[in-house]
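The values are calculated or read from the model by the stated rules, or taken from the named source; none is laboratory data. Being a predicted model, the structure only gives us computed values, none of them experimental. Counting neighbours? That spans all protein chains shown, and the Cβs are built from the backbone with ideal geometry, glycine included.
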Amino acid sequence: MSLVPVDDLHGIARGELPSSLSAADGGTPVLVLLPASTDEVRRIVLHARKKRTSVVPVGGRTTYFDNLALEGAIAVDVSAMDAVVSIDEANAVATARAGIRIATLDAALRGRGFCIPMRPDGYGDERLGSLVAHDTAAGLGAFHGPFADRIVGLEVVTGAGDVVQTGAARVLGSSAGIRQGVPDLGALFLAAEGRFGIVTEVAFQLAPSRPRARMRSAIGLGELEAVLGRVRDLRFSGALDSVAFEHEYPSEEAGSLLVHATPEGAAIVRAQLDLGEPTTLGKADGAFRGPPDRHRAALHATFMDGVDVHVGWDDLSWIAGAARQSYARAMDRGCPVMRTTVYPGPHAVNVGFHFHFPRTGEGAAAARGLCSETASALAPRRPIPYRTGRRWRSVLAPDPAWLATLRGLAAVLDPDAVLNPGVGLV
Ligand SMILES: Cc1cc2nc3c(=O)[nH]c(=O)nc-3n(C[C@H](O)[C@H](O)[C@H](O)COP(=O)(O)OP(=O)(O)OC[C@H]3O[C@@H](n4cnc5c(N)ncnc54)[C@H](O)[C@@H]3O)c2cc1C
């Protein structure tokens, strides 16, 4: 392989990449590049293979669970690849480059009567490519399923330096807005956390943007199981648009339950969830509001880390107990603020235990310790990791055949193991 020059690519000075939100940031990259095209990404990967240097794709840098391992790596910031390529209104399919902010993309779609119905948080500062890399989104919008369900096709630069199209429509050059029909390589890049390829373009199905009724109620941890039971009974009714519960320690007070319903279903939801008199009742459209980079300002003063999992609807009884145990552990370690989040969706419930410390090195270490302990405590429940694999490596026991197959594929997709080594479950 001849040396692939990258000197002409647009870069910023080494070390100037802003740290991730993690107090213990991901280290200093040797080079920070902002490719403007898929071909430039390909050249960077080939250069990294030649140099045996690791490559870290970087999106909005909103992750607070420290999976941007930048030390000694070439950071590939995809944010210059931020165009909306097409919005096909007739077929409700859009294509956009991987570096576009979710809030920017959602606003462009709303201007045409569509939206991204799931609502990855981080105030919309995360990038489209990382919705694939993390295979999220939970939070408000969990009732619309993961973003992956809407993906029609991807363009990815693998760790081998190949540019691969995935999804039947893209592979065959069809205008049909579907992914299925030929063997689909797309799933290999979902939740892979950038281990197998750098996502450069995403085609996805659109949802119509519609107003919803919004209700907020105060409920205690002790009531959570009963309320979730009622949500379970309503989950396939079509009336629910989203449900989110947040509870914060050291406050002994009730947590906040936010429910969005379709306008037609609002009365049913209100009656069947037996919410009492909601504290607020109004209309919402689900649009992201506020200036870019809001997550950075919001989290500037504190350091947050956490463990998030998906659990089945048959396995909910332990959530409040696990929250109380986490609070006790957190109190023991001097954690000033801890938050439990519960985001139900039709097929699973997303549960998070988040620890907030002052932004110091000790705070980061303490939070990391609490996360490891929490992951170990949850492991017997057979949780499905949400967003980050590395944290779960030591406590989960995946099917050995699955693991061996994935390792074989990794050897093909990234023969020199240059892409995000050490990040992810495999
Ligand atoms: C306070 C807060 C709350 C949040 N809550 C939620 C929530 O409830 N639900 C939800 O869905 N999300 C939530 N998020 C967002 C989510 O957790 C991540 O922050 C987001 O998915 C990461 O996007 P990013 O663009 O910032 O990626 P980065 O932080 O820049 O990168 C994340 C990972 O993806 C890889 N990656 C990035 N771009 C690419 C690419 N193009 N190709 C391949 N790999 C890539 C990186 O190498 C890294 O491993 C929250 C974020 C914050 C800050």
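For Glu253, all conditions in the list (1) part of a loop (DSSP other than H, G, I, E, B); (2) acidic (Asp, Glu); (3) in the same structural domain as Gly145 (by TED's automatic domain parsing) hold save one; what is the number of the exception?
That leaves (3) as the condition not met.
Yes or no: the stretch 285-306 includes at least one residue that is of a type outside the set (Asp, Glu), out of contact with any Lys or Arg (no Cβ under 7 Å at 6 or more places or on another chain) and at pLDDT 85 or above. Steps first, answer last, please.
To start, the set of residues in the stretch 285-306 that are of a type outside the set (Asp, Glu) comprises 286-292, 294-304, 306.
Okay, now just the ones that are also out of contact with any Lys or Arg (no Cβ under 7 Å at 6 or more places or on another chain), so 288-291, 294-300, 304, 306.
Checking the rest, the ones that are also at pLDDT 85 or above come to 306.
Checking the stretch 285-306: at least one residue is of a type outside the set (Asp, Glu), out of contact with any Lys or Arg (no Cβ under 7 Å at 6 or more places or on another chain) and at pLDDT 85 or above.
Looking at the stretch 202-222, can you tell me whether even one residue there is out of contact with any His (no Cβ under 7 Å at 6 or more places or on another chain), closer than 30 Å to Arg49 by Cα, β-branched (Val, Ile, Thr) and within 16 Å of the ligand (Cβ to nearest atom)?
Yes.
Within the stretch 294-314, identify whether any single residue is over 16 Å from the mean Cα position of the chain (by Cα), hydroxyl-bearing (Ser, Thr, Tyr) and within 12 Å of the ligand (Cβ to nearest atom), and answer yes or no.
Within the stretch 294-314, one or more residues are over 16 Å from the mean Cα position of the chain (by Cα), hydroxyl-bearing (Ser, Thr, Tyr) and within 12 Å of the ligand (Cβ to nearest atom).
Name the residue, out of Gly222, Gly194, that is at positive phi, of a type outside the set (D, E, K, R) and touching a residue at least 24 places away in the same chain (Cβ under 8 Å). Break it down into steps so the answer makes sense when it comes.
Numbers: Gly222 fails: at positive phi.
Residue meeting the stated conditions: Gly194.
Which residue out of Arg270, Arg214 is in contact with a strand residue (DSSP E or B) (Cβ under 7 Å, 6 or more places away or on another chain) and part of a helix (DSSP H, G or I)? Break it down into steps so the answer makes sense when it comes.
Values: Arg214 fails: part of a helix (DSSP H, G or I).
Checking each option against the conditions leaves just Arg270.
Filter the stretch 107-141 down to the residues that are away from the ligand (no atom under 13 Å from the Cβ) and either assigned to a helix (DSSP H, G or I) or touching a Cys at 6+ places or on another chain (Cβ under 8 Å) (or both) and list them by number.
Within the stretch 107-141, Ala107, Ala108, Leu109, Arg110 meet the criteria.
Which number in (1) buried (at least 23 other Cβ atoms within 10 Å of the Cβ); (2) within 15 Å of the ligand (Cβ to nearest atom) marks the one condition that Ala191 misses?
Of (1) buried (at least 23 other Cβ atoms within 10 Å of the Cβ); (2) within 15 Å of the ligand (Cβ to nearest atom), only one is false for Ala191: (1).
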